[in-house]
Amino acid sequence: MGLLFFIIVLLVGGFIVGGLARWAVPGPDPMPVWATVALGLGGSIVGGIVARILIGTAGGFLFAFLGAVLLLILYRHFVQHRPLTGPGARRPPT
């Protein structure tokens, strides 16, 4: 029962962090729910590593959110080839 609860908490937490990151970066980001969860979990990992390097302890929600935003910006720049500002940021990905 403990492992199932842990997995559910991870999925819900990843969805919340990923959804907030998608909401914080302007422009359309069409992606399925599983991609939003993966974005949140990946952001939590990146944010945790950065927090451990910078402050020596776990960063918590703030660093998870910032890590997810960073991953989303990098994805949009290198994979979708879209700018972050200007009229090109508001157009749907090709």
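Report the local net charge at Pro30: Lys and Arg +1, Asp and Glu -1, summed over other residues whose C-beta lies under 15 Å from its C-beta.
+4
Write down the Kirkwood hydrodynamic radius of segment 33-83, to one decimal in angstroms, obtained as one divided by the mean of 1/r over all alpha carbon pairs.
Answer for segment 33-83: a Kirkwood hydrodynamic radius of 11.0 Å.
Hey, rough spin-label estimate for Ala35 and Ile55, points 7 angstrom out along Cα→Cβ, what's it come to in nanometres?
A separation of 3.1 nm, rounded to one decimal place.
Quick one: check the C-alpha center-to-center distance for segment 1-62 versus segment 66-94, whole angstrom.
Going from one Cα centre to the other spans 18 Å.
At a 10 Å Cβ-Cβ cut-off, how would you order Val12, Val25, fewest neighbours first?
Ordered by Cβ neighbours within 10 Å, fewest first: Val12, Val25.
Please check which bits of segment 37-80 a label hung off Leu4 would reach, taking the label as a point 7 Å along Cα-to-C-beta and the cut-off as backbone N under 12 Å.
Correct set: none at all.
Tell me which label goes with the value of Rg and Dmax of the Cα atoms in Å computed from the coordinates here: [x] 14.3, 49; [y] 13.5, 46; [z] 17.1, 61.
[x]
Springs between alpha-carbon pairs under 10 angstrom, Gaussian network model over the chain: which of Val79, Val17, Val69 fluctuates most?
Its mean-square fluctuation being the largest, the pick is Val79.
Where a number appears in this text, it was derived from the coordinates with a stated rule and is not lab data. Given the structure is predicted, the values throughout are model-derived calculations rather than measurements. Cβ sites come from the backbone with ideal geometry, for glycine too, and all protein chains shown count toward neighbours.
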